[in-house]
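Novice: Can you keep this structure in mind? I'll have questions shortly.
The values are calculated or read from the model by the stated rules, or taken from the named source; none is laboratory data. Just so we're clear, the structure is a prediction, and the values are computed from it rather than from any experiment. Cβ atoms come from the backbone with ideal geometry, glycine included; neighbour counts cover every protein chain shown.
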Amino acid sequence: MKKQNFKGSVMLNPTPVVLVTCKNKEGKVNIFTIGWVSTVCTKPPIIAVGIRPERLSYEYIKESMECVVNLTTKDMVKITDFCGVQSGRKVDKIKHFGLKLDSGALIDTPSLDISPVALECRVKSITPLGTHDMFLLDILNVKVNEDIIDEKGKIRFDKANLIAYSHGEYYGLNSKPLGSFGYSIKKKKKKK
Ligand SMILES: Cc1cc2nc3c(=O)[nH]c(=O)nc-3n(C[C@H](O)[C@H](O)[C@H](O)COP(=O)(O)O)c2cc1C
């Protein structure tokens, strides 16, 4: 296929889209939307997020050095978009949607009850990069809804109705898996 070259730009698509809860030193809680998020290390579990210094949430996270990364679902698309276009400086986004907060298990910052999976994180480092600062976040604890845990204790992400973000659009992950990790080299079981 003939290719066209575009100048270097952020075209890593799709990305997760998450709602981050954060708390300032006076105890005020805010939420905002993040698309620039990725796992960067398994052990210890670390994710990286890109946050613009002008966000209110940037201030809150820098004050407490912790936050919760709440995964988003099909039922949360409107909340996800709204929290990404309205600042907590003007609107109390939690009140606006009447969102229920769950207290943190290992940190002081609450998670969103509506989210099926919430990652409680502590800030490991902050690196200015340009428009955004990169926050490396240690994942200290993960809260998972019981309704997506099966009888064997496996987390059924396929039942969580998670959404992704690609080039300005939100997508549901409706389709069946196209393959499982390592399927390409898995040997077929011999018939006896
Ligand atoms: C889909 C989506 C993804 C976003 N991703 C980021 C991001 O990765 N980093 C960031 O700083 N802002 C991101 N934003 C913008 C913030 O969420 C937005 O400016 C928000 O209003 C900040 O709220 P706050 O001022 O209450 O903290 C995103 C917005 C949307 C809608």
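Novice: Kindly indicate which of Ile126, Ile148, Ile155 is within 16 Å of the ligand (Cβ to nearest atom), at pLDDT 95 or above and among the β-branched types (Val, Ile, Thr).
Specialist: Values: Ile148 fails: within 16 Å of the ligand (Cβ to nearest atom); Ile155 fails: within 16 Å of the ligand (Cβ to nearest atom).
Going through Ile126, Ile148, Ile155 in turn, the sole match is Ile126.
Novice: Identify the single condition in (1) part of a loop (DSSP other than H, G, I, E, B); (2) aromatic (Phe, Trp, Tyr); (3) modelled with pLDDT of 95 or more that Tyr171 does not satisfy, given that it satisfies every other one.
Specialist: Just one mismatch for Tyr171, condition (1).
Novice: Considering every residue within segment 88-106, establish whether at least one is at pLDDT below 95 and surrounded by 15 or more Cβ atoms within 10 Å (Cβ to Cβ).
Specialist: Going through segment 88-106, the residues at pLDDT below 95 turn out to be none.
Checked against the condition, which is being at pLDDT below 95 and surrounded by 15 or more Cβ atoms within 10 Å (Cβ to Cβ), segment 88-106 yields no hits at all.
Novice: Take Pro45 and decide whether it is over 17 Å from the mean Cα position of the chain (by Cα) and not hydrophobic (A, V, I, L, M, F, W, C). Can you show your working first?
Specialist: On the way: over 17 Å from the mean Cα position of the chain (by Cα): no; not hydrophobic (A, V, I, L, M, F, W, C): yes.
So Pro45 fails the test.
Novice: OK, next. Taking the condition small (Gly, Ala, Ser), away from the ligand (no atom under 16 Å from the Cβ) and touching a strand residue (DSSP E or B) at 6+ places or on another chain (Cβ under 7 Å), does Ala164 pass?
Specialist: Numbers: small (Gly, Ala, Ser): yes; away from the ligand (no atom under 16 Å from the Cβ): no; touching a strand residue (DSSP E or B) at 6+ places or on another chain (Cβ under 7 Å): yes.
When the stated conditions are applied, Ala164 does not pass them.
Novice: Output the qualifying pairs, or none if there are none: Cβ atoms under 9 angstrom, residues six or more apart or on different chains, first residue in segment 160-182 and within 23 Å of Glu146 (Cβ to Cβ), second residue part of a loop (DSSP other than H, G, I, E, B) and near the ligand (Cβ under 10 Å from one of its atoms).
Specialist: Leu162/Thr72; Ile163/Val17; Ile163/Thr72
Novice: If you scan segment 38-60, which residues turn out to be surrounded by 11 or more Cβ atoms within 10 Å (Cβ to Cβ) and of a type in the set (Val, Ile, Thr)? Walk me through how you get there before you give the answer.
Specialist: Step one: list which residues in segment 38-60 are surrounded by 11 or more Cβ atoms within 10 Å (Cβ to Cβ), which gives 38-41, 45-53, 55-60.
Within segment 38-60, Thr39, Val40, Ile46, Ile47, Val49, Ile51 meet the criteria.
Novice: Inside segment 110-137, can you point out the residues that are in contact with a helix residue (DSSP H, G or I) (Cβ under 8 Å, 6 or more places away or on another chain), farther than 22 Å from Lys100 by Cα and not β-branched (Val, Ile, Thr)?
Specialist: Asp133, Phe135
Novice: Please list, ordered by first then second residue, the pairs with beta carbon atoms under 6 Å, 6 or more apart or interchain, first in segment 7-21 and farther than 22 Å from Ser57 by Cα, second exposed (fewer than 12 other Cβ atoms within 10 Å of the Cβ).
Specialist: Listed pairs, sorted by first residue: Asn13/His167.
Novice: Six or more apart or on different chains, Cβ atoms under 6 Å: show the pairs whose first residue is in segment 115-134 and of a type in the set (A, V, I, L, M) and whose second is part of a strand (DSSP E or B) and exposed (fewer than 12 other Cβ atoms within 10 Å of the Cβ).
Specialist: Pairs found: Met134/Thr127.
Novice: Right, here's the next one. Find the helices (runs of 4 or more DSSP H) located wholly in segment 14-123 whose residues include 2 or more that are hydroxyl-bearing (Ser, Thr, Tyr) and within 12 Å of the ligand (Cβ to nearest atom), and list them. Even if it seems obvious, please write down each step before you answer.
Specialist: Numbers: elements: 56-64, 77-85, 93-97.
The qualifying helices (runs of 4 or more DSSP H) are 56-64.
Novice: Would you pick out the residues in segment 110-135 that are within 17 Å of Asn24 (Cβ to Cβ) and hydroxyl-bearing (Ser, Thr, Tyr)?
Specialist: Ser111
Novice: So which pairs qualify, if the first residue must be in segment 49-70 and free of Cβ contacts under 8 Å to residues at least 40 places away in the same chain and among the hydroxyl-bearing types (Ser, Thr, Tyr), the second must be near the ligand (Cβ under 8 Å from one of its atoms) and assigned to a loop (DSSP other than H, G, I, E, B), the Cβ gap must be under 9 Å, and the two must be at least 6 apart or on different chains?
Specialist: Ser57/Ser87; Ser57/Gly88; Tyr60/Gly88
Novice: What's the total number of residues in segment 134-178 that are within 16 Å of the chain's Cα centre (by Cα) and polar (S, T, N, Q)?
Specialist: 4
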